[in-house]
Amino acid sequence: QVKMVESGGGLVQPGGSLRLSCAASESISLNIMGWYRQPPGRQREFVALISSGGGIKYADSVKGRFTISRDNAKNTVYLQMNSLEPEDTAVYYCKRFRGGLDPTDYWGQGTQVTVSS
């Protein structure tokens, strides 16, 4: 069982920045890693992903404002969030996609991000 732990959430004013981290208990080097979020009263939605080779994809709503990155030596994926808007308020989850010999997707417990003045 791979454990994923997110951190870095909090309360920030519109226009501010936060950096989320997600540390895995096992190697992520062969896995696609992703960030998702669940706004209040809505379904979980895709935010960004980064492949093992460094390929990146973003949701249109965060392009140009959010940056995903990874440090395989630390088994950690990051989400730098700039120019935050109230609409970015959500619980943010990281995901280690299935890969290699492991057929299971793993999720973290989530970290709350609230953008409000």
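The values are calculated or read from the model by the stated rules, or taken from the named source; none is laboratory data. Source: prediction; values computed, not measured. Neighbour counts are summed over all protein chains in view; Cβ atoms, including those assigned to glycine, are modelled from backbone coordinates with ideal geometry. SASA here: full protein model, heavy atoms, side chains in, ligands and nucleic acids out. Shrake-Rupley method; radii C 1.70, N 1.55, O 1.52, S 1.80 Å.
So which residues in region 33-49 are over 10 Å from the mean Cα position of the chain (by Cα) and of a type outside the set (Asp, Glu), if there are any at all? Spell out the reasoning first.
Start the filter on region 33-49 by keeping residues that are over 10 Å from the mean Cα position of the chain (by Cα), which leaves 38-45.
Across region 33-49, the qualifying residues are GLN38, PRO39, PRO40, GLY41, ARG42, GLN43, ARG44.
Against the condition at pLDDT below 95, of a type outside the set (S, T, N, Q) and open to solvent by less than 30 Å² (accessible area, probe 1.4 Å), how does VAL62 come out, does it pass? Even if it seems obvious, please write down each step before you answer.
Values: at pLDDT below 95: no; of a type outside the set (S, T, N, Q): yes; open to solvent by less than 30 Å² (accessible area, probe 1.4 Å): yes.
In short, no.
Would it be correct to say that GLY41 is part of a loop (DSSP other than H, G, I, E, B), surrounded by fewer than 18 Cβ atoms within 10 Å (Cβ to Cβ) and at pLDDT 95 or above?
Working: part of a loop (DSSP other than H, G, I, E, B): yes; surrounded by fewer than 18 Cβ atoms within 10 Å (Cβ to Cβ): yes; at pLDDT 95 or above: yes.
In short, yes.
Only one of (1) farther than 21 Å from SER83 by Cβ; (2) touching a residue at least 40 places away in the same chain (Cβ under 8 Å) fails for GLY16. Which number is that?
Unmet condition: (1).
If we keep just the residues of region 1-38 that are assigned to a strand (DSSP E or B) and among the polar types (S, T, N, Q), which is surrounded by the most Cβ atoms within 10 Å (Cβ to Cβ)?
Ranking the candidates gives SER21 first.
For region 81-98, how many residues are at pLDDT 95 or above and open to solvent by 60 Å² or more (accessible area, probe 1.4 Å)?
Selection size over region 81-98: 4.
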